[in-house]
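For reference, the structure discussed in these notes is given below.
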Amino acid sequence: MNPRRRLFGFSCVLLALLCVGGLGAQEILTANEFFDTVATTYAAIEDYIAAYRWSDENGTMTGTLTYKRPNRIRIDFTEPENQVLVTNGELLTFYVPPPFNVVLQQELRPGESFDLASSEGLSLMRRNFDIAYLEGPEPVELDDGSDLFVTQLRLDRKQVTEGFRQLVLSIDDTGFIRRIAGTTVDWEDVQMDLSDIQINQRVSDQLFEEDPDPSASINENFLYSPEG
């Protein structure tokens, strides 16, 4: 496993996926109206905790994802065991325990955010993507034989520069995004699943402060120069 490549991949997903909400409207909406209704509800979400599953060409990663607005994210991995990704909105840290014992850190640029779980963030998605139903507004099984039904939106990038060519959001009947499947600019298919979502748990800010192991090898600004 290449920690940098995997972190870049799911960091991109975090820019477009950490979204939960609640839908009360029952009328048939256009895809843009449905997207806007979901986006409006995100402002009410202060934090959430969810079971997390990431899949890409290298395999599967699982763990617990904790989010708190604005732009604070922590993933405690169970597979690979004991790896941690955390950002407090200013610094992103990815810890890979022994035998690697590596800390990858990235200083975020001013105004840069990993949070699209807000009306402002989803407005950015609206500007960058064309939005449509994947097949139609009718709910479908999340997987063949699943008892979970979701409405699926397809988001196509207006200009492919970085990140994703396409995203497919699968939203359950309570408004929670349960899956985001993406196609990267390199034509790699990636997928993130969220389950057992618990919202507004009064998560402490301290959870998003991570002190690196002093014995670890620290690699700073491994994705880009924050000044560039």
Count of region 186-228 residues which are of a type outside the set (Val, Ile, Thr), in contact (Cβ under 8 Å) with a residue 40 or more places away in the chain, closer than 30 Å to VAL150 by Cβ and not in a helix (DSSP H, G or I): 12
Residue in region 139-150 that is in contact (Cβ under 8 Å) with a residue 40 or more places away in the chain and either closer than 21 Å to ASP36 by Cβ or among the aliphatic types (A, V, I, L, M) (or both) present: no
Scan of region 51-95 for residues that are buried (at least 21 other Cβ atoms within 10 Å of the Cβ) and of a type in the set (A, V, I, L, M), ordered by number: MET61, LEU65, ILE73, ILE75, LEU85, LEU92
Selection from region 161-194 of residues that are over 21 Å from TYR42 (Cβ atoms), β-branched (Val, Ile, Thr) and either surrounded by 13 or more Cβ atoms within 10 Å (Cβ to Cβ) or under 15 Å from the mean Cα position of the chain (by Cα) (or both): THR183, THR184, VAL185, VAL190
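Values in this text are rule-based calculations from the coordinates and carry no lab data. Predicted model, so just to flag it, every value in this text is computed and none were measured. Note that we place each Cβ from the backbone using ideal geometry, even for glycine, and neighbour counts take in every protein chain shown.
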